[in-house]
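Written below as structure tokens is the structure these notes are about.
The values are calculated or read from the model by the stated rules, or taken from the named source; none is laboratory data. All values derive from a computational prediction rather than experimental measurement. All Cβ positions, even for glycine, are placed from backbone atoms using ideal geometry, and neighbour counts span all protein chains on display. Each accessible area value is taken on the protein alone, full model and side chains, heavy atoms only, with ligands, DNA and RNA left out. Shrake-Rupley method; radii C 1.70, N 1.55, O 1.52, S 1.80 Å.
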Amino acid sequence: MNGGLFGPPVSRRNNPYSDSGAEGELLQKIIDAHVHLSEREDDALVRFARMNGLRYTLDELLDTMRRYGIMRGLLLSPPLQGAVSLPNDKVITLCTRSGGMLAPVVTVEPNAKDVKAAVKLAEENKKEVKAFKVRLGYVKASAESPVFNGLYDYAESEGLPVLFHTGDTAFSVGDLSRSHPLTLDGLANKREGLTIILCHFGNPWFEDVAELIYKHPNVYADISGLITGSKGYAEKYVAWLAKKISEAIYFVGGAEKIIFGTDYPVTKHSEALDLVRRLDVEEGDKEKILWSNAERVFRL
Ligand SMILES: [Zn+2]
């Protein structure tokens, strides 16, 4: 009997970690480090919610989190139609409504005014804000654009991680030359005190991300948003993903730098958790991925 990956008794039926668990086992902690929500009709992720059969509401999200034993989630601004994203104060309001289950990540756009406003908002909500997010591939700036210097200075001084969108973009007009994970190597070299998190494991550049998290003590990656909708070869694709991430763990020599996330509503909770279950690594490494890495890195 292993004491690790079990869901709480109420969620056992739906929890992919429940198979070998007996009632009364240690409560499995899970942290979802990448969640979106707006409750607005002009939210550009509604398309993904429909594809996944999700209502994409706060009630649905919190119910689903409870069902799978996800104790906390980090809430990131979703893109809205028209190349903007949900204002950060709305993200904070949703987190307040969640009663402590969701904590805000402040999204930062590449202009001086927005960088200043983001830092001010984080300063005013110091207890709540857990990280910043830069939407590489969606905005006309790269990770090393000087416009972000003030943000990085603040994040570094406060020990707040900065999440970067990396890899494939949700829309065909995205700029892959700016969202490629290797564009973070220079920033990680220059700012060794800045905690950098590459979202979506740089999909499909898994090996590049493996090298970055191996090379840099301050670089991490999340595995959110890798599965969406059902297309041809869906089963083989998930098996391929699990193999890629497992191999990255072998290359790095451990799972200390890898963080679980769903990217709700892009990936369903069941599918995101199933991906972790499929990893060909030790149970202890799955626990690190599911909660202890996030707890440490985001100081939750
Ligand atoms: Zn996302």
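The rows are residues; the columns are (1) β-branched (V, I, T); (2) over 24 Å from N88 (Cα atoms); (3) within 16 Å of the ligand (Cβ to nearest atom).
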residue: V119; (1), (2), (3): yes, no, no
residue: E123; (1), (2), (3): no, no, no
residue: A131; (1), (2), (3): no, no, yes
residue: V134; (1), (2), (3): yes, no, yes
residue: S145; (1), (2), (3): no, no, no
residue: A155; (1), (2), (3): no, no, no
residue: T183; (1), (2), (3): yes, yes, no
residue: I197; (1), (2), (3): yes, no, yes
residue: V219; (1), (2), (3): yes, yes, no
Hits in region 199-217 (condition: of a type in the set (F, W, Y) and within 15 Å of the ligand (Cβ to nearest atom)): F201
Condition met for G137 (in contact (Cβ under 8 Å) with a residue 12 or more places away in the chain and either within 28 Å of S270 (Cα to Cα) or open to solvent by 60 Å² or more (accessible area, probe 1.4 Å) (or both)): yes
Do we have N88 as open to solvent by 20 Å² or more (accessible area, probe 1.4 Å), within 16 Å of the ligand (Cβ to nearest atom), out of contact with any His (no Cβ under 7 Å at 6 or more places or on another chain) and not aromatic (F, W, Y) here? yes
Select, from G167, G174, the only residue that is within 16 Å of the ligand (Cβ to nearest atom), modelled with pLDDT under 95, part of a loop (DSSP other than H, G, I, E, B) and closer than 30 Å to G82 by Cβ. G174
Flagged in region 192-217 as in contact with an Asp or Glu (Cβ under 6 Å, 6 or more places away or on another chain) and in a loop (DSSP other than H, G, I, E, B), in numbering order, are G193, L194, N203
Scanning region 213-266 for residues that are open to solvent by less than 60 Å² (accessible area, probe 1.4 Å) and among the polar types (S, T, N, Q), which turns out farthest from the chain's Cα centre (by Cα)? S246
Would you be able to tell me the number of residues in region 280-300 that are out of contact with any Lys or Arg (no Cβ under 9 Å at 6 or more places or on another chain), touching a residue at least 40 places away in the same chain (Cβ under 8 Å) and open to solvent by 50 Å² or more (accessible area, probe 1.4 Å)? 1
In region 153-174, which residues are under 14 Å from P79 (Cβ atoms) and in contact (Cβ under 8 Å) with a residue 24 or more places away in the chain? H165, T169, A170, F171, G174
List every residue pair whose Cβ atoms lie under 8 Å apart, where the two residues are 6 or more positions apart in sequence or sit on different chains, the first residue falls within region 62-84 and is at pLDDT 95 or above and open to solvent by 70 Å² or more (accessible area, probe 1.4 Å), and the second residue, located anywhere, is assigned to a helix (DSSP H, G or I) and within 13 Å of the ligand (Cβ to nearest atom). none
